[in-house]
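Enquirer: The structure is given below, and queries will be raised subsequently.
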Amino acid sequence: DKTRQLKTGIQGREKREANSLGNTSEVRSKLLGFLSGALGGDMLAAEYLFLNLISRIYLRSAEVNLGALILNLRNFDMEEKGQYILELVSSLVPKSHLITLNHKNLTNEGFKLAPKKDYEQNRLVTGQLQLTPGTNLVLEEQFVQGTSFTADAVAKIDSITKLVAFQNVYYDFQYFETPFPADFPIVIISRENSILGKETGLCCEVPMVTSSPFLSVEGLKEYIESHREHLVEFRKFLGACISFASACCLPLKDEMAETVQNDFLQSRNSESVLSQDLHMWLTLARYMAISFGEKNITNERWAYMKEREIERLQRLIARG
């Protein structure tokens, strides 16, 4: 009886979350237009950023965190790019945080990332990674090739790479580390290939291809202000997508599972496709379906996802 009640409750929640999305096509289109306008007209980057914003971990295992979607926006050639993305993201979600990774910060003793136990004061010293679940985290890479780092700086980089790879924050107790689970939708901003993104096969790299110049940070604020009448609608839509993503795993139906399997095997025979690519595709297709207010991954949504992935991979090949 308890199992039946629990199952009924979960199904009821899934139905409520799906109904709250309503007719999504129009608001989805307007939101993507808003994001692409801020990203130099890059609609592909806008769509992947949108999927990143609604991503949440819904199942953890020893090998992978299902639902996690790390995004790396590459070739982001502008000053204050981290602050720029933070301004954009914070206009849409309630919790966001920027960490700039450069030589100055990493070699600064006061720049704390992972929380650390102070045994003299018998207290835990907070760090920038001590964030609440669901915080959208922007990581700006400003690494200069050939720069040498201190042991403390290397430890800080290691704490970030482990967060990206495993979605865990490792608290430093001096003699040992203790992992605490995190759930941060992470966007990595870099000029070239991300150092952090290489630590996980589930980092989605999107080289930027713009049709117009980026705005300044002040210009972006004015752009956001000009869309104020739509911001509440965008926020409600994103919130509904996030709630739906947290409540539903969107299992594949038998026919769709066979289609995915055959598609993957065909791609693996003709391209350099790995097992983590299948996981990436399933994750993307899941969020694509959710963003359209759908309860299942369909052939239409799978094909839509593959079109976006082909364009993304073509950019990676072109940019090297």
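The values are calculated or read from the model by the stated rules, or taken from the named source; none is laboratory data. Treat the numbers as computed from the prediction; the structure is a model and nothing was measured. Here the Cβ positions follow ideal geometry from the backbone for every residue, glycine too, while neighbour counts run over all protein chains shown. The protein model used for the area step is the full one, side chains on, heavy atoms only, and it has no ligands, DNA or RNA in it. Shrake-Rupley method; radii C 1.70, N 1.55, O 1.52, S 1.80 Å.
Enquirer: Can you confirm whether T298 is at pLDDT 90 or above, more than 30 Å from E192 (Cβ to Cβ) and of a type in the set (S, T, Y)?
Expert: Considered against the rule, which asks whether it is at pLDDT 90 or above, more than 30 Å from E192 (Cβ to Cβ) and of a type in the set (S, T, Y), T298 comes out as yes.
Enquirer: Moving to a separate point now. List the helices (runs of 4 or more DSSP H) that sit entirely inside the range 251-319 and contain at least 3 residues that are within 21 Å of the chain's Cα centre (by Cα).
Expert: Output list reads 275-291, 299-319.
Enquirer: Being within 18 Å of L220 (Cα to Cα) and among the aliphatic types (A, V, I, L, M) is the filter here, so list the residues in the range 59-97 that pass it.
Expert: Those that are within 18 Å of L220 (Cα to Cα) and among the aliphatic types (A, V, I, L, M): L73, M78, I85, L86, L88, V89, L92, V93.
Enquirer: Taking M256, is it touching a strand residue (DSSP E or B) at 6+ places or on another chain (Cβ under 9 Å) and closer than 26 Å to F50 by Cα?
Expert: It is false that M256 is touching a strand residue (DSSP E or B) at 6+ places or on another chain (Cβ under 9 Å) and closer than 26 Å to F50 by Cα.
Enquirer: Being more than 26 Å from A68 (Cα to Cα) and in contact (Cβ under 8 Å) with a residue 24 or more places away in the chain is the filter here; which residues of the range 217-245 pass it?
Expert: V217, L220, K221, Y223, I224, H227, H230
Enquirer: Right, S291: over 30 Å from A240 (Cα atoms) and either without any contact (Cβ under 8 Å) to a residue 60 or more places away in the chain or open to solvent by less than 60 Å² (accessible area, probe 1.4 Å) (or both) or not?
Expert: Taking the combined requirement at face value, the residue does not satisfy it.
Enquirer: Can you go through F149, F184, F180, F111 and tell me which one is part of a loop (DSSP other than H, G, I, E, B) and open to solvent by 30 Å² or more (accessible area, probe 1.4 Å)?
Expert: Residue meeting the stated conditions: F149.
Enquirer: Among the candidates Y171, Y223, Y175, single out the residue that is out of contact with any His (no Cβ under 8 Å at 6 or more places or on another chain) and in a loop (DSSP other than H, G, I, E, B).
Expert: Result of the check over Y171, Y223, Y175: Y175.
Enquirer: Would you pick out the residues in the range 135-146 that are open to solvent by less than 50 Å² (accessible area, probe 1.4 Å) and either small (G, A, S) or touching a residue at least 60 places away in the same chain (Cβ under 8 Å) (or both)?
Expert: Within the range 135-146, just N136 meets the criteria.
Enquirer: Only one of (1) part of a helix (DSSP H, G or I); (2) open to solvent by less than 10 Å² (accessible area, probe 1.4 Å); (3) in contact with a helix residue (DSSP H, G or I) (Cβ under 9 Å, 6 or more places away or on another chain); (4) touching a residue at least 60 places away in the same chain (Cβ under 8 Å) is not met by Q83, so which one is it?
Expert: (2)
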